[in-house]
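The structure appears right after this line, and notes come after that.
Read-outs: derived from the displayed coordinates by stated rules, not from any lab. From a predicted model like this one, the values you see are computed outputs, not experimental measurements. So basically every Cβ, Gly included, is an ideal-geometry build from the backbone, and we count neighbours across all protein chains shown.
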Amino acid sequence: MLPLREAVYEQQLNADEVKPLYEDAKTAARANNTGSALDLALSRCEYLMGRALHYYERKDEAVVHYREGMRLAERVLETAPSSEAWLLRAENLSQACSIGPWSFTVANGLNVEKFAKNALAIDSRNAAAQYLVAARWVFAPAPFHNYRKGIEMMKDILTNGDLDKDDYFNVYSAIGYGYLQQKKRDDARPWLLRSLEIYPTNKFAAELLK
């Protein structure tokens, strides 16, 4: 799973070049897991492959992976609810909502926060779930955003969450983005630089810094 995750965040490979890593991750998941653990691993694979396609505007292909990721997470939730299962349900849905269509986004958008909070009810230190709750306030279109609130919630994750490498990147870049939207460039710069220390080739963070 790690080579796939790193490739998605490093953004040095195009989506077609990421696909073999996705296939390798699925093969490894099937070799090392069964039952719910396998479904969760495969759901994570679908989410990451969707992200790779999404970045390169291959949205029709990306949403297929997000829907499969949701299906796998839902199957786990039917028999073995867990913080990770709720997180993957929320993460895949969040990305699918960003693609649309608008009717789908309106009908399902609020469930992203609901599912993330379900994850937090089981594991309050789930940093990725905390991020999803805070991201609403940072990335939502006007008039639904609240940059100040979102930034503070992101900062709280750094002390109240159990963060992995990608979690740190997501939080740092979101804080930088939030400050930029407020025209606070001097405040944004150190957070974006921190995010690029983690993934120096990430194009999203580099474009924000530029």
(request) Treat every Asp and Glu Cβ in region 124-210 as -1 and every Lys and Arg Cβ as +1, leave all other atoms uncharged, and give the resulting dipole magnitude about the Cα centre to the nearest 20 debye. (result) 360
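If you place +1 on the Cβ of every Lys and Arg, -1 on the Cβ of every Asp and Glu, and leave all else neutral, what size is the dipole of the chain about its Cα centre, to the nearest 20 Debye?
It works out to roughly 640 debye.
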(request) Any chance you could count the Lys pairs in the chain whose alpha carbons are under 24 Å apart, treating pairs 8 or more apart or on different chains as valid? (result) 25
(request) Find how many whole Å separate the alpha carbon centroid of region 57-87 from the alpha carbon centroid of region 17-42. (result) 14
(request) Among Gly109, Met70, Ala25, pick out the residue whose Cα is farthest towards the positive end of the charge dipole of the chain, where Lys and Arg carry +1 and Asp and Glu carry -1 on C-beta, about the Cα centre. (result) Gly109
(message) If each DSSP helix of 4+ residues adds -39,500 (n - 2.57) and the sum is divided by the residues in the chain, what number results at 222 nm, nearest 500 deg cm²/dmol?
(response) -27000 deg cm²/dmol
(message) Tell me the net charge near Thr105. Cut-off is 15 Å between Cβ atoms, Thr105 excluded, with +1 for each Lys or Arg and -1 for each Asp or Glu.
(response) +3
